[in-house]
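S.K.: Could you have a look at this structure, given as structure tokens, before my questions?
The values are calculated or read from the model by the stated rules, or taken from the named source; none is laboratory data. What you are looking at is a predicted structure, and each value in this text was computed from that prediction instead of being measured. Glycine gets a Cβ as well: all are built from the backbone with ideal geometry, and neighbour counts include every protein chain shown.
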Amino acid sequence: MAADESWRVPSIVQELAAIVQEPPSRYLIPEQDRRHDQLAGAEMPDPVPTIDLQRLLASDDSADEEATELRSALLSWGFFLVTNHGIATSVMDALMSASRDFFRKPLEEKQVYSNLIEGKQWQLEGYGNDPVTTQDQILDWCDRLHLMVEPEDERNLDRWPGHPESFRGLLHEYTLGCQRVKDGILRAMARLLELDDDDGILGQFGDKGSTHARFSYYPACPRPDLVLGVSPHNDVCVLTLLLADEHVGGLQFQRDGTWYCVPPVHGRALLVNVGVSLEIMSNGIFKGPLHRVVTNSEKERMSLAMFYTTDFEKEIEPIAELLDDKRPARYKKIKFKDLVAAHHEYFSKRERVIESLKI
Ligand code: OGA
Ligand code: NI
């Protein structure tokens, strides 16, 4: 990399936050987005839709009632909370606490797990920031630890923090719990789409579907009116399960042009949202919601997202069973790896890849 390409290597935000009074210009959102009342977001008109997973998977009428709730949550917001998910709260608490410990370690210890090869070339896994693809890209106020957790036999354990010692075991256990939750939800969604086979969505993952855990650490930010924790985006995956901070809000979803705040999530409920891949597969019946994270001037925030993605070689396209003369395909097909590459490119321009795929 030439010396003048140093803009490709962003700073660790936690280090920056510790020394600057004012965020550097690269973090400031565009002029037209700076209306503070808009960044603050609106209160959701109703409580966040909540699905009881135990009821959804029951073999009596309660499953139908819960499925009706699920349909309404998907059609109105594209996201919902899941309670009674069967993952032990103690595992979730311990994992969040272990990851907090990791982010609190000195920089040198974290850099062992860096997502930059030889300090410069970006790769998906490891500790660091999103890729910077253009010089004028606006950067987000967060640091990340991104790990592929499934397939289990393809884990790159050299990127998995060895300290605190409990980290790897907890992440493994949490991964197993989330897998059951994801399977249950995708089966219920397949029934809502009236697919012949309950595994109709799960069957779309191909030979090597993968699961990616992304721990995000958002330091307190001196200018929440000018800086975002994560810029507006859609998740590119099929489904996301988010374990959000219990105490600090910041996540917002957009609907009909208005940003709505998700209050801090209590009781270790999981927040689930539809991704772009599922929007395409369902031929637009389920929509992947646009979301962002705002910053907080006083408190740091942490979250853990689990992204469920298809095989990278898989063509993402509307499920054939959902199409007929009256319901033609509304999206072009695209190989998942190309979708990911296009997503990064559109994201850096603050645009949405899904718009480019609409027929
Ligand atoms: C993401 C994301 C939300 C959060 O990582 O894609 O939207 O609350 N995170 O951290
Ligand atoms: Ni997201």
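S.K.: Does at least one position in the range 211-221 carry a residue that is under 23 Å from Trp160 (Cα atoms), surrounded by fewer than 20 Cβ atoms within 10 Å (Cβ to Cβ) and not β-branched (Val, Ile, Thr)?
M.R.: There is at least one residue in the range 211-221 that is under 23 Å from Trp160 (Cα atoms), surrounded by fewer than 20 Cβ atoms within 10 Å (Cβ to Cβ) and not β-branched (Val, Ile, Thr).
S.K.: Consider Val132 against the criteria (1) out of contact with any Pro (no Cβ under 7 Å at 6 or more places or on another chain); (2) under 22 Å from Leu228 (Cβ atoms): it satisfies all of them except one. Which criterion is unmet?
M.R.: The one condition Val132 does not meet is (1).
S.K.: Confirm whether Leu171 is closer than 21 Å to Arg104 by Cα, away from ligand 1 (no atom under 13 Å from the Cβ), in contact with a helix residue (DSSP H, G or I) (Cβ under 7 Å, 6 or more places away or on another chain) and not hydroxyl-bearing (Ser, Thr, Tyr).
M.R.: Taking the combined requirement at face value, the residue satisfies it.
S.K.: Condition (residue is surrounded by fewer than 15 Cβ atoms within 10 Å (Cβ to Cβ), of a type in the set (S, T, N, Q) and more than 21 Å from the chain's Cα centre (by Cα)) applied to the range 147-161: is it met by at least one residue?
M.R.: no
S.K.: What's the number of the condition Ser59 fails, among (1) modelled with pLDDT under 95; (2) under 23 Å from the mean Cα position of the chain (by Cα); (3) closer than 30 Å to Met189 by Cβ?
M.R.: (2)
S.K.: Next question, about the same structure. Restricting to the range 198-229, what's the tally of residues that are away from ligand 2 (no atom under 16 Å from the Cβ) and either touching a Gly at 6+ places or on another chain (Cβ under 7 Å) or of a type in the set (Gly, Ala, Ser) (or both)?
M.R.: 6
S.K.: Sticking with this structure for a sec: Enumerate the pairs (first residue in the range 276-304 and part of a helix (DSSP H, G or I); second residue anywhere and among the β-branched types (Val, Ile, Thr) and away from ligand 2 (no atom under 14 Å from the Cβ)) with beta-carbon separation below 8 Å, excluding pairs fewer than 6 apart on the same chain, so at least 6 apart or on different chains.
M.R.: Ser277/Thr310; Ser277/Ile316; Leu278/Ile201; Ile280/Ile316; Ile280/Ile334; Met281/Ile201; Met281/Ile316; Met281/Ile319
S.K.: Which condition breaks for Glu118 when tested against (1) in contact (Cβ under 8 Å) with a residue 60 or more places away in the chain; (2) under 27 Å from Ala18 (Cβ atoms); (3) out of contact with any Asp or Glu (no Cβ under 6 Å at 6 or more places or on another chain)?
M.R.: Every condition holds for Glu118 apart from (1).
S.K.: Of the residues Glu321, Glu345, Glu300, Glu315, only one is away from ligand 2 (no atom under 16 Å from the Cβ) and under 25 Å from Thr134 (Cβ atoms); which?
M.R.: Glu345 is the lone residue from the list that is away from ligand 2 (no atom under 16 Å from the Cβ) and under 25 Å from Thr134 (Cβ atoms).
S.K.: Please go through the range 9-38 and pick out each residue that is in a helix (DSSP H, G or I) and modelled with pLDDT of 90 or more.
M.R.: Within the range 9-38, Val13, Gln14, Glu15, Leu16, Ala17, Ala18, Ile19, Ser25, Arg26, Tyr27 meet the criteria.
S.K.: Please go through the range 298-318 and pick out each residue that is away from ligand 1 (no atom under 16 Å from the Cβ) and either at pLDDT below 95 or within 30 Å of Glu125 (Cβ to Cβ) (or both).
M.R.: Thr310, Asp311, Phe312, Glu313, Lys314, Glu315, Ile316, Glu317
S.K.: Return a yes/no flag: does the range 261-268 have any residue that is under 25 Å from Arg352 (Cβ atoms) and among the charged types (D, E, K, R).
M.R.: The answer is no, given that none of the residues of the range 261-268 is under 25 Å from Arg352 (Cβ atoms) and among the charged types (D, E, K, R).
S.K.: Quick test for you: out of Gly250, Gly257, pick the one residue that is farther than 19 Å from Phe336 by Cβ and without any contact (Cβ under 8 Å) to a residue 24 or more places away in the chain.
M.R.: Gly257
S.K.: Follow-up. Among the residues of the range 216-243, which ones are within 10 Å of ligand 1 (Cβ to nearest atom) and either free of Cβ contacts under 8 Å to residues at least 24 places away in the same chain or acidic (Asp, Glu) (or both)?
M.R.: Asp235
S.K.: Return the total of residues in the range 253-264 being near ligand 1 (Cβ under 9 Å from one of its atoms) and part of a strand (DSSP E or B).
M.R.: Here the count works out to 0.
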